[in-house]
Amino acid sequence: MKISKAGILAILTIINPIYIQAFYLHTSTTSPPHSPPTSPTSLFGTGNTFGRTFRITTYGESHGGGVGVIVDGTPPRVPLTREEVQEELDRRRPGQSRITTPRNEADSVEILSGLSPSGLTLGTPISMIVRNKDQRSGDYLGNDLSLAYRPSHADATYDSKYGVRAVAGGGRSSARETIGRVAAGAVAKKVLGIYGGVEVLAYVSAVQDIRADDVDVEGFTMEQVDANIVRCPDEKVAEKMIERIDKIRKTGNSVGGVVTCVARNVRAGLGSPVFDKLEADLAKACMSLPAAKGFEVGSGFEGTMLTGKEHNDEFYIDPTTGAARTRTNRSGGIQGGISNGETIVVKVCFKPTSTIGQAQATVTRDGKEVDLRGKGRHDPCVLPRAVPMVESMVAITVLDALMQQRAQCELLEDEGGEPRPNPLGKGGRREGFDGKVERVKLEEGKKVVGLNVDEE
């Protein structure tokens, strides 16, 4: 079968418009109509866009005119207010307490497009911007930071990649870029809440070796998280965390730790094996955050210390709903790259802030050795402000997976084909279930069902 050039272009448009550029590059000496000349950067993403169906693109630098986001793919007719977005940004903004950077920014958001006069989403791109007000670019001019690279910061790698960098505030490598993510996350949270009561919450679970191991991931609330400046719902552990951060801060140093995030009431079936597994997308989302250095799902690395028998989440039938559930949740709500209807639990570890007030050995842009000490305003610990950042990236990822599931697997109604399996997860409910849980009747003498396997 032969397909015309026009047919190929139509197919590529459905899959991803970026492939059209690649098609023209390999089949023509001219550029696509109504587009700039083809170049390598027009063929491949340059790292500012995340998502497929629910897609965000952030823009702006730390000390530029402002930072923001364009959110594409939002369903129409979703009630959304500026105040709802602002509430999330207020949890992220600097200057909240003595253990965050003292930069004083109101982070007041403006919604430029995508909403009707009555406050409903139009289904068109939502553009939001936060204008920078308290940047001090002069602090960077003519001093050592314009010449020397901060150890473990993005200074050297940005310079190596682009041959130029925004010295003031770190440019795009600054945590200020995450304003766009959190604003988009507010939209994602709203849609998820309307769709199925999905709730995404995070908290600081560790500062160095001080750990909050007794938090009930099924029951903690945002009010408990935000009740203290370190954002840990365990008040006693929170006091120790704050004391540790204060101690480190006063020495001009910084400290890192772990943020745990849960997504409750997520339906089963989200995620697309093999390369777009849900935990893989969540890992990319969370690891793209500034200072993120590690990611875990469920039992994570500690699960490697268990045997298969100890680690497996055994199934049972919920006597109330008739749905298949798991007695434990070491899988973290994801099995085989697909959500299983249990609470999704992930952990993201963040390194200590690179900019510190102690002298460190480094090099200059022109290849000379020098000692450098950071001065001015910076976070002694990124964790309290990372909480809404992680929540946002998890919410964006889950909503994107949900919209893909609806588009592919639920576009057509079942029409007498393969019978559907018993519902799975907390949100599942078997039709006509009378509360009686049946057991499989085994042949005489058998105690368990045998399963022959031949796996690679």
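The values are calculated or read from the model by the stated rules, or taken from the named source; none is laboratory data. A quick note: this is a predicted structure, and the numbers were derived from the prediction, not measured. Cβ placement follows ideal geometry from the backbone for every residue including glycine, while neighbour counts extend to all protein chains displayed.
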Which of (1) under 24 Å from Ile229 (Cβ atoms); (2) modelled with pLDDT of 95 or more; (3) outside any strand (DSSP E or B) is the odd one out, the single condition Pro380 does not satisfy?
(2)
Return the residues of segment 227-236 that are surrounded by fewer than 22 Cβ atoms within 10 Å (Cβ to Cβ) and of a type in the set (Val, Ile, Thr); say none if nothing qualifies.
Ile229
Output yes when any residue across segment 345-357 is free of Cβ contacts under 8 Å to residues at least 60 places away in the same chain and crowded, with 17+ Cβ neighbours inside 10 Å, and no when none is.
no
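Here's a check for you: in segment 277-317, which residue that is acidic (Asp, Glu) and touching a residue at least 40 places away in the same chain (Cβ under 8 Å) is nearest to Tyr158 (Cα to Cα)?
Taking the candidates together, the pick is Asp281.
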Sort out which residues of segment 382-426 are touching a strand residue (DSSP E or B) at 6+ places or on another chain (Cβ under 7 Å) and closer than 23 Å to Met241 by Cβ, and write them in order of number.
Val382, Leu383, Pro384, Ala386, Val387, Val390, Glu391, Val394
Find all pairs meeting these conditions: Cβ atoms under 6 angstrom apart; at least six residues apart or on different chains; first residue within segment 218-239 and within 20 Å of Gly298 (Cα to Cα) and at pLDDT 95 or above; second residue assigned to a helix (DSSP H, G or I) and not hydrophobic (A, V, I, L, M, F, W, C).
Pro233/Gln224
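If you take the residues in segment 69-102 that are of a type in the set (D, E, K, R) and not in a helix (DSSP H, G or I), which one is surrounded by the most Cβ atoms within 10 Å (Cβ to Cβ)?
Checking each candidate, the answer is Arg93.
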Can you name every residue in segment 319-329 that is crowded, with 18+ Cβ neighbours inside 10 Å and assigned to a loop (DSSP other than H, G, I, E, B)?
Gly322, Ala323, Asn329
